[in-house]
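Asks: Got a structure for you, written out below as structure tokens; questions coming shortly.
FYI, it's all coordinate maths here, none of it is from the lab. What you are looking at is a predicted structure, and each value in this text was computed from that prediction instead of being measured. Neighbour counts are summed over all protein chains in view; Cβ atoms, including those assigned to glycine, are modelled from backbone coordinates with ideal geometry.
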């Protein structure tokens with residue numbers, strides 16, 4: 001998924017600008033991510049992670065205080081998209097931060113599958129994603145969500161338009 005060995009990689013300063021722009025886009029400009037309270041933990045290509053703190057407005061079952069399944073699904077979908085953004089940054093490592101950010105304008109979810117494995121109980125949740133395929137037009141990801149104890153509560157897989 002990286003650029004060819006002969007291609008020049010963006011400078012450390014440009015990489016920092018890209019990382020900052022991704023966090024700003026993901027945490028501030030995508031309003032629904034703000035509603036969910038999603039926060040970027042890691043943008044490392046092999047370690048894309050986000051955190052979701054439990055709040056009363058995210059409860060799906062009033063008697064048990066479980067995280068709503070829609071919140072889980074939406075978080076995994078957003079996380080898969082972020083993993084692809086990081087993947088596109090790596091695939092086009094010779095481009096500036098501004099050029100890479102421009103690539104995200106046409107991204108969109110094509111397909112999302114979520115498997116709910118255990119009740120969404122916890123103080124906070126960590127989502128992880130990896131890119132399984134990144135072609136010229138379509139990208140695919142695998143995602144996982146665990147609570148603060150490392151208990152796996154849900155997995156997901158998704159496909160996205162990336163161009």
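Asks: I need the semi-axes of the equivalent ellipsoid of the chain: take the C-alpha gyration tensor, multiply each eigenvalue by 5, square-root it, list largest first in whole angstrom. Mind dumping the intermediate values first?
Replies: Working: eigenvalues 174, 48, 35 Å².
Sorted largest first and rounded, they come to 29, 15, 13 Å.
Asks: Mind checking the angle between helix 69-91 and the chain's longest principal axis? C-alpha axes, 0 to 90 degrees, to the nearest 10.
Replies: Helix 69-91 sits at roughly 10 degrees to that axis.
Asks: Quick one: of the DSSP bridges fully inside region 1-110, what percent are antiparallel, nearest 5?
Replies: Of all bridge pairs located within region 1-110, approximately 100 percent are antiparallel.
Asks: Once each part is reduced to its C-alpha centroid, what is the distance from region 109-156 to region 62-79 in angstrom?
Replies: Spelled out, the Cα-based centre of one part sits 11 Å from the other.
Asks: Roughly how many nanometres apart are two label points built 7 Å out from the Cα toward the Cβ at residue 124 and residue 149?
Replies: 1.8
Asks: For helix 12-24, what angle does its Cα long axis make with the longest principal axis of the chain, in degrees from 0 to 90 and rounded to 10?
Replies: Roughly 30 degrees between the two axes.
Asks: From the helices alone, meaning DSSP H stretches of at least four residues, give me the mean residue ellipticity at 222 nm for the chain, per-run term -39500 (n - 2.57), in deg cm²/dmol to the nearest 500.
Replies: Value at 222 nm, helices only: -9000 deg cm²/dmol.
Asks: Taking other Cβ within 10 Å of each residue's Cβ, how do 107, 85 sort, fewest first?
Replies: By the 10 Å Cβ count, ascending, the order reads 107, 85.
Asks: Per-residue counts of other Cβ atoms within 10 Å, averaged by peptide: what ranking do you get for 36-42, 123-129, highest first?
Replies: Final packing ranking: 123-129, 36-42.
Asks: Can you sort 91, 13 from fewest to most other Cβ atoms within 10 Å of each residue's own Cβ?
Replies: In increasing order of surrounding Cβ atoms, one gets 13, 91.
Asks: Would you mind checking region 91-131 for residues with the amide N under 18 Å from a putative spin-label position 7 Å along Cα→C-beta of residue 29?
Replies: 92, 95-109
Asks: Quote to one decimal, in nm, the extra length available between residue 115 and residue 8 on full extension: 0.36 nm per residue of separation minus the C-alpha distance between them.
Replies: Taking residue 115 through residue 8 to full extension adds about 34.5 nm, to one decimal.
Asks: At a 10 Å Cβ-Cβ cut-off, how would you order 96, 157, 140, fewest neighbours first?
Replies: 96, 157, 140
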